[in-house]
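Encoded as structure tokens, the structure appears first; notes follow it.
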Amino acid sequence: DDALIPFNPLAMKNAKQVAHRIVAKLGVNDLAAVVFTADNRRTQDFTSDHAKLDAAVESMKSGMATYAFGFDVNGAGGGARGIDNDSSLYISSVESLSTVADYLIAVPQRRKALVYLSPGVPIDLDDASDMNMVDPAGDQKMARREVQLRLIEEERDVFRRAQRANVNIYGVDPSGLDGLENSIRDRLRPLVPGVLNGEPKWAALAHRYATDSLDFLESAADNTGGRAIVNTNDFGPGIDQIFEENGSYYLLGYRETNPKGPKSYSRIEVKVNRPGFEVRSRHMQYTPETDEARATKAREAPPTPATRA
């Protein structure tokens, strides 16, 4: 995630080391691709050639996100918030996940995993629920709300596409233990004065935004049957576990006893009757519309000016 990995030497070093370790653990029959969320000119398509994959990993540049969350807009300072200039990077990161999942739909029926090296996307439910357009201090809440609502829908779309592609998402935060929060704290300290809940406001906001980002990684893993490797400086055990889980697995089929109908979500829980075992599985089922239903809606939809033209 070259869009959102912080501009931090340790985070960049960790990201490359984790990626190289994953490449080294690939088997002779495994195929892998390297995709970037911002600058995709150095993408490496599916190959079993480890040298090509390692070269693509090494080509990654430093992160583009500023993590100022709009507090630096036009040099306003003083705690006033404008448009978050990183918004397009958040969207780019999430849309990249959807694009990769779409690409994997066409891959034959084999085990598929998406390792998402990223600090996550700060989907902020507070901003998404704020209905005020502009507050007295010039805080452009409505614009940020629209971005967050789009990110929430894009997140759901990732889960739907990953389900169709039968792909597990493994989120790995290369920032390390508290690394993202510390990067955000350093950025917000000179921009956000005041106190919030008994601590400096910049510190409280840094914790909130970092938590939002890691929640995205946890949610992506939880809803696709993957695993999130976060809040650690030792990535080795988590990477080993990814390969352990993908080396042996069960594919279960089931029929819903009480289907909710098209365009609905259902929770899935898989249990085993052997003690001491942890089950990792997809926790969400999305029921899409049938092709016939979509075709019917398209036929019955009132013609737009463009259609009439």
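The values are calculated or read from the model by the stated rules, or taken from the named source; none is laboratory data. What you see is a predicted model, and the numbers here were worked out from it, not measured in a lab. Here Cβ is always computed from backbone atoms with ideal geometry, including for glycine, and neighbour counts include all displayed protein chains. Protein only, heavy atoms only, side chains kept; ligands, DNA and RNA dropped before computing areas. Shrake-Rupley method; radii C 1.70, N 1.55, O 1.52, S 1.80 Å.
What the table shows:
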quantity: Net +/- balance of residues flanking ALA162 in space, Cβ distance below 12 Å, scoring K and R +1, D and E -1; calculated: +2
quantity: Heavy atoms of LEU177: accessible area, 1.4 Å probe, square angstrom to 10; calculated: 90
quantity: Highest-MSF residue in the chain out of TYR265, TYR209, TYR67 [GNM, Cα springs under 10 Å]; calculated: TYR265
quantity: √(5λ) per eigenvalue of the Cα gyration tensor, the chain, largest first, Å; calculated: 33, 28, 20
quantity: In Å², nearest 10: area of SER96 left accessible to a 1.4 Å probe; calculated: 20
quantity: Segment 1-77: translational diffusion in µm²/s, Stokes-Einstein, Kirkwood Rh over Cα pairs, 4 °C, 1.567 mPa s; calculated: 94
quantity: Environment charge of ALA65, counting only residues whose C-beta is closer than 11 Å and scoring Lys/Arg +1, Asp/Glu -1; calculated: -3
quantity: Per-bin percent of Cα-Cα distances, segment 84-229 [5 Å]; calculated: 2, 9, 16, 20, 19, 14, 9, 6, 3, 1, 1, 0
quantity: Exposed GluC sites (Glu not before Pro) absent - longest run of the chain, DSSP non-H/G/I/E/B, at most 11 other C-beta within 10 Å; calculated: 1-255
quantity: Separation between Cα centres of segment 206-280 and segment 98-119, rounded to whole Å; calculated: 15
quantity: Theoretical ellipticity at 222 nm over the chain - DSSP helices of four or more residues, -39500 (n - 2.57) apiece, nearest 500; calculated: -14000 deg cm²/dmol
quantity: Dipole magnitude of the chain, debye to nearest 20 (Cβ charges: Lys/Arg +1, Asp/Glu -1, about Cα centre); calculated: 760
quantity: Within-13-Å neighbourhood charge of LYS201 [Cβ basis; K, R +1; D, E -1]; calculated: +3
